[in-house]
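Enquirer: The structure follows.
The values are calculated or read from the model by the stated rules, or taken from the named source; none is laboratory data. On a predicted model such as this, the values are computed, not experimentally measured, just so you know. We place every Cβ from the backbone using ideal geometry, glycine too, and count neighbours over all the protein chains shown. Ligands, DNA and RNA are stripped out before the accessible areas are found, and what is left, the full protein with its side chains, is counted by its heavy atoms. Shrake-Rupley method; radii C 1.70, N 1.55, O 1.52, S 1.80 Å.
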Amino acid sequence: MNIKSQKDFFSGLMFMGVGVAFAWGATTYNVGEGARMGPGYFPLMLGILMAILGAGITFKALVVETEGGDKIGKWAWKPLVYIILANLVFGVLLGGLPSIKLPAMGMIVAIYALTFISSMAEPGWKVKNTFILATVLAVGSYVAFVILLKLQFPVWPAFITG
């Protein structure tokens, strides 16, 4: 069978691989059942759904003709590096890094850093737009996680809150 869209074919394979990995990893936890879900239920269902979605995308890539074969282009290294770096910095700022004596900076600082670093991946990014987006995300996250869900984690840096 001939691959008619390289992008869809490899995207489908990636979805299937990640889905199978999630589903397989979830089996080490108590899965439970629909009425009484265990900690492995959601990752198992998510993994199965991703694998099914990947199979559908892969099938489409083999059946539906696309113009020019929808070839895979060059890797976009700059966005890849910025997005991965933004997530790493978010995790370090949210929880701190005791090995280098970096205290937890809290959710608000971590969200601003995440937004600014990841926005730098976009060509022609604007500081004003990024600041507005970061503010909306920080306020929304505070309302959702701290006020509504009442999750307990640092919101502000320890040197501010004491």
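Enquirer: Pop a pseudo-label 7 angstrom from the Cα along the beta-carbon direction at both L88 and I147 and give the gap in nm to one decimal.
Expert: Those two pseudo-labels are separated by 3.5 nm.
Enquirer: Shifting gears a bit: In the chain, carbon and sulfur make up what percent of the accessible area (probe 1.4 Å)? Mind dumping the intermediate values first?
Expert: Values: 8100 of 11190 Å².
Carbon-and-sulfur percentage of accessible area, whole number: 72.
Enquirer: Can I ask one more? Could you sort L114, L53 by their accessible area in this structure, using a 1.4 Å probe and putting the largest first?
Expert: Details: L114 45, L53 95 Å².
Greatest to least solvent exposure: L53, L114.
Enquirer: Lysine pairs in the chain 8 or more apart or on different chains: how many have alpha carbons under 28 angstrom apart?
Expert: Step by step, the pairs that qualify in the chain add up to 13.
Enquirer: Here's another thing I want to ask about it. Based on the mean of other Cβ atoms within 10 Å per residue, sort peptides 24-30, 44-50 so the most packed one is first.
Expert: Working: 24-30: 13.4, 44-50: 17.4.
So the peptides 24-30, 44-50, ranked by packing, come out 44-50, 24-30.
Enquirer: While we're looking at this one, here's another question. Between E67 and V20, how high is the FRET efficiency from 1/(1 + (r/R0)^6) when r is the Cβ-Cβ distance and R₀ = 30 Å? Nearest 0.05. Walk me through the numbers before you get to the answer.
Expert: Values: r = 31 Å, r/R0 = 1.04.
Between E67 and V20 the formula returns 0.45.
Enquirer: If you find the alpha carbon centre of region 1-67 and of region 68-144, how far apart are they in angstrom?
Expert: Going from one Cα centre to the other spans 27 Å.
Enquirer: Kindly provide log₁₀ I(q)/I(0) values, in the same order as q = 0.12, 0.14, 0.18, 0.21 Å⁻¹, from the Debye equation applied to equal alpha-carbon scatterers of the chain.
Expert: -0.85, -1.05, -1.15, -1.15
Enquirer: Taking every pair of Cα atoms in region 52-114, average 1/r, invert it to obtain the Kirkwood radius, and report Rg/Rh to two decimals.
Expert: On the way: Rg = 19.7 Å, Rh = 15.2 Å.
Result: Rg/Rh = 1.30.
Enquirer: With only Lys, Arg, Asp and Glu charged, each at its Cβ (+1 for the first two, -1 for the last two), find how big the charge dipole of region 1-109 is about the Cα centre; round to the nearest 20 debye.
Expert: Numbers: 8 positive and 5 negative charges, 64 e Å.
Its charge dipole is roughly 300 debye.
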